[in-house]
Amino acid sequence: MHAGSANVLDRLSYVLASRQREKVLAAVIPGPQTPVQIAKRTGLRLPHVSRTLGQLVRADLAQCVGGERRGKLYAASGLGVAVFGELSDARGDRLIAPMIRGSHFRNYHHWIAVHHGRAAADKTLIESGVDPRLIHADGWYPLRSALEVLDQVETRFGDGTYETVRRMMRDEAINFSSLRRFLKRVIPFPILLELSPNSYAREFNHGRLEVDVEGHRAIFRNYDWMSTPARCAAWLGTYEGSLAMLGIAGTVTKVACILRGDPYCGYRIDW
């Protein structure tokens, strides 16, 4: 994804916020359709189709291209075609595209700006196709874009060991609102760990987290759909940063990895 596609990313988040928008946009990708035809293709009621078309037109994702006796014709705009293409690429053969909250991009940008300057932070995200001015913390964005930013961080500021990505996420863990809310609960640490899949579900629309706690040891199993060395380092840093937020003296060790053929990425926490 290139810098010019930042608007595509923003509109992709807008489409994914509504299943109806996605259905209606998909219906007009093959060619111009009337609202009645779209209703038949999508199974949506005609008033819902009309309202959604209005939303897509105002977002420059669709356009009215003429009329006929059965009603106006609507087609995808150039931006709409680009957004749908990005959605298809992100989704692959899955029913949903793997997405991540915008707060991750905000935190990447914050850390780079603190350590390397605002210009470097802007450039790193923009060259990965992400305009930091358009990112909404609670919005959904392609996981693929986040992985690209992590690789850019290591390429620009690291030494290839991914320790820089690990340190960034260790430092930034405190800035995830979902983690702050979760870790503020006044409950015993082992129970807090067992509840941590709730925090995972707030940050990702895919995969799952399973946690087993026994004594002073916990195993976190991340069933992520996509992984890279940078993402593995990011998880290590995030877990380490979470321990630091709680004032817990402990260690985090990688014990399994999707990239090695394991069914999940595993992290052992000892305290």
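The values are calculated or read from the model by the stated rules, or taken from the named source; none is laboratory data. For clarity, every value in this text was computed on a predicted model and none was experimentally measured. In this analysis, Cβ positions are derived from the backbone assuming ideal geometry, glycine residues included, and neighbour counts consider all displayed protein chains.
Structural remarks
- Exactly one residue out of Arg221, Arg231, Arg156 is touching a Leu at 6+ places or on another chain (Cβ under 9 Å) and closer than 16 Å to Tyr108 by Cβ: that is Arg231.
- Test: residue in segment 257-265 that is loosely packed, with under 15 Cβ neighbours inside 10 Å, of a type in the set (D, E, K, R) and at pLDDT below 95: yes
- Selection status of Arg268, at pLDDT 95 or above, within 23 Å of the chain's Cα centre (by Cα) and on the phi < 0 side of the Ramachandran plot: no
- Those helices (runs of 4 or more DSSP H) lying entirely in segment 186-254 with at least 1 residues at pLDDT 90 or above, within 16 Å of Arg166 (Cα to Cα) and of a type in the set (Val, Ile, Thr): 229-246
- Residues that are β-branched (Val, Ile, Thr) and over 19 Å from Ile248 (Cβ atoms) within segment 164-178 comprise Thr164, Val165, listed in sequence order.
- Test: Leu53 is within 22 Å of Met99 (Cα to Cα) and in contact (Cβ under 8 Å) with a residue 24 or more places away in the chain: no
- One residue from Ser13, Ser18 being surrounded by fewer than 15 Cβ atoms within 10 Å (Cβ to Cβ), modelled with pLDDT under 90 and under 30 Å from Ser128 (Cα atoms): Ser18
- Test result for His206, within 16 Å of Met99 (Cβ to Cβ), touching a strand residue (DSSP E or B) at 6+ places or on another chain (Cβ under 8 Å) and surrounded by fewer than 21 Cβ atoms within 10 Å (Cβ to Cβ): yes
- Cβ-Cβ under 8 Å pairs, at least 6 apart or on other chains, segment 97-110 side touching a residue at least 60 places away in the same chain (Cβ under 8 Å), far side part of a strand (DSSP E or B) and not aromatic (Phe, Trp, Tyr): Ala97/Pro142; Pro98/Pro142; Met99/Pro142; Ile100/Pro142
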